[in-house]
Each structure stands twice: as C-alpha cells, then as structure tokens.
C-alpha cells in the first residue's frame with residue numbers, strides 16, 4: 001500500500017510549492033480549506049546529498065511550517081535547534097586531506113533536523129519511493145496536507161555563475177555562496193527518463209483549483225514546470241489556475257528571485273512574473289504596492305487580482321488565501 005497516493009477526487013486545491021513563501025501560504029490555506037483536501041506538489045530540484053544523507057530542503061520547510069515547528073526568524077529549520085553536530089565537524093576540517101569533500105560545514109544541519117534526514121536516507125536505501133517517504137515524514141509530524149514530491153527521480157537545478165562561467169549545484173550557489181553572486185543561466189538536469197509522479201500529475205489535472213504559490217519562478221516553480229506534461233496539464237485548464245506573485249514592489253520578499261530575474265534579462269516586476277506564468281495561469285494575485293501595474297499584467301495575458309500579499313500576520317495571510325481561491329474559475 002502506497003500511503004502517499006493522493007486520489008485527485010479527494011483534493012480541492014493543488015499548490016505548486018517551493019520553500020518558505022509556499023510554506024507560509026500553505027499554512028494560511030489550511031485555515032480556509034481542510035488540510036486533507038489540499039495537495040502540495042513540491043520542488044525537489046534543490047535536493048542534495050551531504051554526509052551521505054538525502055536532504056530535501058523545500059519538503060522539510062513545508063513540513064516543519066505546517067507542523068508549527070519551523071524557526072520563525074530563519075524561515076527554515078526547527079525552532080529551538082542546537083548545532084553540536086556541526087560544531088563537532090569543525091574538528092575534522094583540520095585533518096581533512098586536500099580535495100576531500102568530507103565534513104562540509106557550509107550547509108547547516110541542526111541536531112534535531114538530522115533525524116529527518118537519517119530517516120529519509122534509510123528509507124530510500126531500502127528502496128522506498130520518495131513520494132511514500134515524504135508522506136511518512138508528514139504523518140510523523142501530524143501534517144494532513146498531501147505532500148507530493150514533484151518526481152521520484154533525480155532532477156536538479158544547475159546555476160551558471162556570471163563571473164566565472166562555472167556551473168554549480170543550486171545549494172552551492174544559494175547557501176555556500178550566499179546567493180550574492182550574479183548568475184548567467186539556470187537549467188535542470190538529471191535522469192534521462194525524468195517524469196512527474198502520477199500523483200502530482202493527477203492532482204494538477206483534476207483538483208478544482210490549482211495555485212502557483214509565491215515562490216521563486218526560476219528555481220522553485222520552473223523545475224516543476226519543466227517536467228514532461230506539467231505545463232501541458234496546466235495550460236489545458238488555465239482558467240482554474242491562479243498564481244501569487246513572489247515579487248512585491250519590484251523586490252522579492254525573501255531570497256534572490258528579483259536579482260536572478262534581472263540577471264537573466266527578465267523584468268523583476270509583477271509584469272515580468274505575468275509574462276512567465278501567462279501560458280499556464282489566468283490570474284495573478286498582486287499586492288496593492290503594484291496596483292499601478294495591473295494593466296501591464298493584463299497586457300501580458302493575466303487578470304490582476306489586487307490584495308495585500310505580504311503575509312505579515314495570520315489575518316492577512318488567510319485573507320490572501322481566500323482571495324487567491326476566489327480568483328480561480330473552476
């Protein structure tokens with residue numbers, strides 16, 4: 001029995017989700033829609049392996065946020081976390097041979113958080129599907145939202161650095177280099193026969209409403225869209241797909257989305273976001289700070305829905321979730 005299988009008929013809302021922004025939106029959405037009626041198709045293209053452990057940052061951020069266990073200041077990791085294991089690794093940096101990748105400390109893993117990675121790695125070593133493992137982790141944390149990795153295969157984000165032309169893994173760019181270096185390109189690579197999971201495609205095809213969460217369009221949502229069949233599925237039911245802009249007043253609320261857009265020649269505004277999403281979504285939720293650009297959003301082919309979108313408190317976040325659902329036309 002595959003405990004993570006989400007039958008489309010049981011789902012009212014499917015959400016394309018990245019990390020922090022999507023997790024906060026989902027946290028609000030569960031106050032509007034019963035959590036067991038929500039499915040989140042989550043980006044796994046920034047997954048990585050460190051210390052021999054399988055790490056899924058976006059999935060874990062969503063789980064910890066919905067479980068009420070996230071560190072609110074960082075927006076990732078667990079509240080009340082300790083870092084003894086990472087501190088202990090520093091001892092081995094002094095004896096590590098040149099060229100060795102052992103004991104990296106640039107990617108922080110908290111002591112409590114390690115338990116999730118240990119469990120995930122053990123289950124995958126046993127041959128379990130990532131989709132099933134994600135469901136098991138969600139259940140362990142009491143999360144009722146159906147969390148669906150976008151694929152059970154390997155599909156990774158690769159970033160080309162503008163200054164050197166070097167291509168690096170996303171976490172190298174985002175964490176080790178603190179995402180403060182310019183980029184010249186983003187692409188996705190991995191299994192030659194990569195596919196979205198049938199559960200993910202199923203909910204995207206049949207849920208009455210699909211929401212594209214306020215996540216980075218280039219490295220959180222684009223990896224999902226790049227999987228065969230995803231864009232075609234969304235385009236076929238475009239009127240019932242609504243996106244929430246992650247750009248407010250020309251800036252990303254968190255992370256490097258605005259800089260990455262500009263560096264890749266895409267306008268870092270709600271109009272630029274609309275041009276990216278217009279083929280697959282009919283409506284774009286924008287903040288009042290961008291109301292003057294509503295006509296530009298319309299010119300790009302999307303209906304602009306103006307509502308406060310900075311989730312500064314729970315009431316604003318819930319109002320955003322309600323307005324987003326109302327913007328879709330199933």
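The values are calculated or read from the model by the stated rules, or taken from the named source; none is laboratory data. Owing to the predicted nature of the structure, the values given are computational and were not obtained by experimental measurement. Every residue, glycine among them, receives a Cβ derived from its backbone with ideal geometry; neighbour counts consider all protein chains shown.
Results, tabulated for the structure shown:
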{"item": "Any hit, segment 207-219, residues being surrounded by 20 or more Cβ atoms within 10 Å (Cβ to Cβ), in contact with a strand residue (DSSP E or B) (Cβ under 7 Å, 6 or more places away or on another chain), modelled with pLDDT of 95 or more and more than 24 Å from residue 297 (Cα to Cα)", "result": "yes"}
{"item": "Residue in segment 224-241 that is assigned by TED's automatic domain parsing to the domain that holds residue 275, outside any helix (DSSP H, G or I), buried (at least 18 other Cβ atoms within 10 Å of the Cβ) and in contact with a helix residue (DSSP H, G or I) (Cβ under 7 Å, 6 or more places away or on another chain) present", "result": "yes"}
{"item": "Sole exception among (1) closer than 30 Å to residue 165 by Cα; (2) crowded, with 19+ Cβ neighbours inside 10 Å for residue 266, by number", "result": "(2)"}
{"item": "3 or more residues at pLDDT 95 or above and more than 19 Å from residue 229 (Cβ to Cβ): qualifying strands (runs of 3 or more DSSP E) within segment 153-198", "result": "155-161, 183-190"}
{"item": "Some residue of segment 299-307 being out of contact with any helix residue (DSSP H, G or I) (no Cβ under 7 Å at 6 or more places or on another chain) and touching a residue at least 40 places away in the same chain (Cβ under 8 Å)", "result": "no"}
{"item": "Hits in segment 109-152 (condition: assigned to a loop (DSSP other than H, G, I, E, B) and touching a residue at least 40 places away in the same chain (Cβ under 8 Å))", "result": "109, 129, 141, 142, 143, 144, 145, 150, 151, 152"}
{"item": "Test: residue in segment 113-129 that is surrounded by fewer than 17 Cβ atoms within 10 Å (Cβ to Cβ), at pLDDT below 95 and in contact with a helix residue (DSSP H, G or I) (Cβ under 7 Å, 6 or more places away or on another chain)", "result": "no"}
{"item": "Wholly enclosed helices (runs of 4 or more DSSP H) of segment 1-108 bearing at least 3 residues within 21 Å of residue 119 (Cα to Cα)", "result": "57-66, 84-93"}
{"item": "Residue tally, condition more than 24 Å from the chain's Cα centre (by Cα) and crowded, with 19+ Cβ neighbours inside 10 Å, over segment 269-293", "result": "1"}
